[in-house]
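See below for the structure under consideration.
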Amino acid sequence: MKTYIALFRGINVGGRNVLPMKELAAVLEDLGARKVGTIIQSGNAVFESGEEDALSLSKKIGGEIGKRLGFEPQVLVLVREAFVRAMAENPFPEAENDPKALHLGFLLSAPQKPRLETLENLKRESERYRLIEKVFYLYAPEGVGRSKLSASAEKLLGVSMTDRNWATLCKIRETLGETRE
């Protein structure tokens with residue numbers, strides 16, 4: 001059994017694509033997941049599964065939600081090791097004291113032709129970012145809602161991305177500790 005983290009995109013926002021966490025846990029359990037833990041209503045789950053392929057698991061989860069609830073959310077599934085490594089490789093450790101302003105964008109795949117120069121031109125003086133493999137790290141102390149860099153990152157990287165702030169990532173990490181045998 002592997003431990004996975006599922007990050008859902010675009011659920012429970014503005015009353016659309018409503019997915020109660022109890023229903024999410026039931027979907028995962030019906031797909032064979034064990035030790036399911038959900039974190040925050042925006043769609044984060046930690047679980048164990050005998051499934052070996054994270055991409056296949058992502059598709060199964062999204063498809064099952066589509067069958068049950070009539071919408072198919074984008075689901076990014078990470079193995080525990082990739083998640084833990086992404087947090088450990090944070091290039092802005094000093095920003096961990098500002099957990100709402102530090103974001104990690106998890107990418108579906110490594111960008112082939114990221115437009116880093118354009119990203120650099122959108123960056124505010126206070127902002128910092130770094131792309132490391134399949135993770136886009138962003139520190140936006142004035143808020144990601146006001147950041148042109150944040151708003152354009154996915155398009156300029158050319159890869160689907162779902163992002164979480166450091167506070168949420170720490171909650172997920174805590175839940176991971178609870179799922180260990």
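The values are calculated or read from the model by the stated rules, or taken from the named source; none is laboratory data. What you see is a predicted model, and the numbers here were worked out from it, not measured in a lab. In this analysis, Cβ positions are derived from the backbone assuming ideal geometry, glycine residues included, and neighbour counts consider all displayed protein chains.
Checked against the criterion of being touching a Phe, Trp or Tyr at 6+ places or on another chain (Cβ under 9 Å) and either of a type in the set (A, V, I, L, M) or within 30 Å of P141 (Cα to Cα) (or both), the candidates P93, P99 yield just one match: P99. Please verify whether the stretch 40-53 includes one or more residues that are of a type in the set (D, E) and under 22 Å from A110 (Cα atoms). Looking through the stretch 40-53, at least one residue is of a type in the set (D, E) and under 22 Å from A110 (Cα atoms). For the stretch 131-160, which positions are in contact with a strand residue (DSSP E or B) (Cβ under 7 Å, 6 or more places away or on another chain), farther than 19 Å from P99 by Cα and not β-branched (V, I, T)? Across the stretch 131-160, the qualifying residues are K134, A153, E154, L157, S160.
Could you say whether any residue in the stretch 133-151 is in contact (Cβ under 8 Å) with a residue 24 or more places away in the chain and within 25 Å of S49 (Cβ to Cβ)? Within the stretch 133-151 (the criterion being in contact (Cβ under 8 Å) with a residue 24 or more places away in the chain and within 25 Å of S49 (Cβ to Cβ)), the answer is yes, since at least one residue qualifies. Within the stretch 38-59, being surrounded by fewer than 18 Cβ atoms within 10 Å (Cβ to Cβ), farther than 18 Å from A82 by Cα and either of a type in the set (K, R) or out of contact with any Pro (no Cβ under 9 Å at 6 or more places or on another chain) (or both) holds for I40, S42, K59. Select, from G105, G70, G66, G10, the only residue that is modelled with pLDDT under 95, under 28 Å from Y137 (Cβ atoms) and either in contact with a strand residue (DSSP E or B) (Cβ under 8 Å, 6 or more places away or on another chain) or among the small types (G, A, S) (or both). The conditions single out G10. Restricting the first member to the stretch 155-176 and to residues that are among the small types (G, A, S), and the second to residues that are at pLDDT 95 or above and assigned to a helix (DSSP H, G or I), the beta-carbon pairs closer than 9 Å and six or more apart or on different chains are S160/E154.
The residue of the stretch 29-73 that is nearest to L7 (Cα to Cα), among those that are assigned to a helix (DSSP H, G or I) and of a type in the set (G, A, S), is S58.
Say whether the condition of being at pLDDT below 85 and either among the small types (G, A, S) or in contact with a Leu (Cβ under 8 Å, 6 or more places away or on another chain) (or both) is met by at least one residue in the stretch 23-30. Taking every residue of the stretch 23-30 in turn, none turns out to be at pLDDT below 85 and either among the small types (G, A, S) or in contact with a Leu (Cβ under 8 Å, 6 or more places away or on another chain) (or both).
Given the conditions (1) surrounded by fewer than 18 Cβ atoms within 10 Å (Cβ to Cβ); (2) part of a strand (DSSP E or B), and given that I5 satisfies all but one, which numbered condition is not satisfied? Of (1) surrounded by fewer than 18 Cβ atoms within 10 Å (Cβ to Cβ); (2) part of a strand (DSSP E or B), only one is false for I5: (1).
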